[in-house]
Amino acid sequence: MHTIIGIPIAKGIAHGPVRIIHDTSMEAVERLGCNTDEEIQIFHDARNKAIGEIETIRLNTMKNIGEQESKIFEAHQSILEDPELISQVEAYILDKRCCAEWALSLVGNRFRAIFEAMDNAYMKERAIDIKDITCRVVNLIMGHYSDVGSINEPYVLVAHDLTPSQTSTLETKYVKGIITEVGGKTAHSAIIATLLKIPYVVIEKGTTLLKDGDEVVFDGREGSVIVDPDQIYLDAYYVKEKQLVQEEEKYASLRGKVCKTQDNMEVELIANISQIKDLDFIVKSDAKSVGLFRTEFIFMDQERLPTEDEQYEIYKKITTAMSEGYVTIRTLDIGGDKESPLFDIPKEDNPFLGYRGIRLCLEEVEIFKTQLRAILRASAHGQIKIMFPMIASLTEIRKAKDILKICKKELEAVDVAYDSNIEVGIMIETPAAVVMADLFAKEVDFFSIGTNDLIQYTMAVDRSNLKISALYSQYDPAVLRSMKVIAEAAKKENISVSICGEAAADIKLLPYWLGIGISKLSMSVALIPEVKWTISQMTSTKGIEVAKALNKAGDVREVLEGLELTAL
């Protein structure tokens, strides 16, 4: 028995045998002197099996997510049926008398290099598809697991990272836990794990430190993974698991009730959504409204730009589903760590500081207008709020609002209905927006504080860099003081303000948010029950006390100590 220290991502108790999902791009080994006829047959058998696997994924994706999202897997199938790829693999096997996996790896790398050298951004993205496909076939040849859905018994998934095709095949009845080598609480795989209530930790070099068949147990709230646990440890984790079940039952007792403190301060808990598939989770939850719909995912992994009608149907579907509340739609926020082959974004040394968010939209005006018209049309079917991302100046706000006015006039000219009173807000996620919050509040109807990026920019920390992850902290006084400045600016102009992101659901910071006057929290739907219960156990006056204590703190340790001293 031994312990591997990891980073906690998603809560829950995981227990089961390890199954490593391999990225075989570096694993295929050259074997010469092979029977060429046998190796060619092995290649075709694996290729045909991969086509069948992808067809299953495509159909599941179409059913559960949407037709547009399933098209990426049509492209994957066409790559495997490409005569040029097939002929080159066969020729290499015959010429070198090598094994099938080695021939496919080399030919695949050759194809990837060709696409990566192209100037067209869309064609560059095809290199990623080729890697995904060749890895799948090599995995099948080598007897490795390539898909999560290919394992039909309980296991703990271990991988370098999770690809779109792997996340599309997650089955909670089999996947008892997830361990990846990269990622964080804001990564797409982490969001999915949280929604599906799958325990999740990150372990650097996890695929090396663990091997297939290792029995592991871990608590996703703590991060440490016990390998080959003895009965004493297993019994301790069984106790924790029972406690988690009891907690879930406790949280369920508040379902359907208004979220409020013991002294009757009401707090609005709203949900974040990235794709249509998430809508089922939200409709079944306690959330009545959507605080953030990330529309960039409509533009990712697509072969063409979504039309106005296609976007309208998506926004309409979400809006009608949330008929008791409202939907906050964030306009396109491509850039940073969210890439799309549809936009010609040059390679940047600092993409998080580059051509992204509102900066891109104000340049790609026709794409921006298409989205805004679709949102406006959908607003005729329910309450929608429009939110602009990555705002850093008044000029950006005013330009975006001017373009929105043009879109309204265009719809009026053809007698298309929309909500003439639609609210317009901005996401506060840059230090510039914090400093200018008092003036920005005069220009918009609401603020949403994007904590994930605001922390990153305030602390000058790449949130995906594990080496400096300790510096990425919502507890830092600079971050907490920024939140207070924003809340005060919103209150002065009588506009609403919400906190959006991981920090919104931070149990330790809930009293602080209420203490500085923020009573609207937007988060992953899976986190709402625990947050609601915690709020029901506290008072708003305690929140004011906590806020006063934390605003005097000078460093992270003081903040943490202050939180412990003023425990609920």
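Laid out as a table, the results:
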read-out: Per-residue HN-Hα couplings for region 257-271 [Karplus 6.51, -1.76, 1.60; θ = phi - 60°; Hz; x = Gly/Pro]; value: 9, 5, 7, 7, 7, 5, 9, 6, 7, 7, 10, 8, 9, 10, 9
read-out: In degrees, nearest ten, helix 394-413 long axis to first principal axis of the chain (Cα); value: 80 degrees
read-out: Linear extension gain, GLU488 paired with ALA91, 0.36 nm per residue minus alpha-carbon span; value: 136.0 nm
read-out: Test item: Cα-centred dipole of the chain, Lys/Arg +1 and Asp/Glu -1 on Cβ, debye; value: 1840 debye
read-out: Proximal charge balance of ALA441 [Cβ under 12 Å; K/R count +1, D/E count -1]; value: -2
read-out: For GLU423, distant residues with modelled amide H under 5 Å away; value: ILE386
read-out: Length-normalised contact order for the chain - Cα pairs under 8 Å, 6+ apart - percent; value: 14 percent
read-out: Gain upon complete extension [THR208, VAL365; 0.36 nm per residue less C-alpha separation]; value: 51.8 nm
read-out: Pairs beyond 22 Å (Cα-Cα), from LYS405/LYS492; LYS288/LYS548; LYS197/LYS240; value: LYS405/LYS492; LYS288/LYS548
read-out: 14 Å beta-carbon shell around LEU210, net charge (K/R +1, D/E -1); value: -3
read-out: Sequence of PHE43, PHE388, PHE281 once ranked by neighbouring C-beta atoms within 10 Å, starting from the fewest; value: PHE281, PHE43, PHE388
read-out: Lys/Arg +1, Asp/Glu -1 at C-beta; the chain dipole; positive extreme among ILE21, GLN474, LEU85; value: GLN474
read-out: Whole-Å semi-axes of the ellipsoid equivalent to the chain (Cα gyration tensor, √5λ, descending); value: 42, 31, 21
read-out: Nearest 10 degrees, 0 to 90: helix 308-321 Cα axis against the chain principal axis; value: 60 degrees
read-out: Value of [θ]222 nm, deg cm²/dmol, for the chain, DSSP H segments ≥ 4, -39500 (n - 2.57) each, nearest 500; value: -14500 deg cm²/dmol
read-out: Under 5 Å, built H, 5+ apart or other chain: amide partners of SER498; value: PHE447, SER448, ILE449
read-out: Note, ³J(HN,Hα) from phi for region 501-510, Karplus 6.51, -1.76, 1.60, rounded to Hz, x at Gly and Pro; value: x, 4, 5, 4, 9, 6, 4, 5, 9, 3
read-out: Karplus (6.51, -1.76, 1.60) ³J(HN,Hα), θ = phi - 60°, over region 374-385, in Hz, Gly and Pro reported as x; value: 5, 5, 4, 4, 5, 5, 6, 10, x, 7, 10, 10
read-out: Between 0 and 90°, nearest 10: helix 540-551 axis offset from the chain longest Cα axis; value: 70 degrees
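No lab work stands behind these numbers, since they all come straight from the coordinates. Nothing here was measured: the structure is a model prediction, and the numbers come from that model. Reconstructed Cβ throughout: ideal geometry from the backbone, glycine too, with neighbour counts over all protein chains shown.
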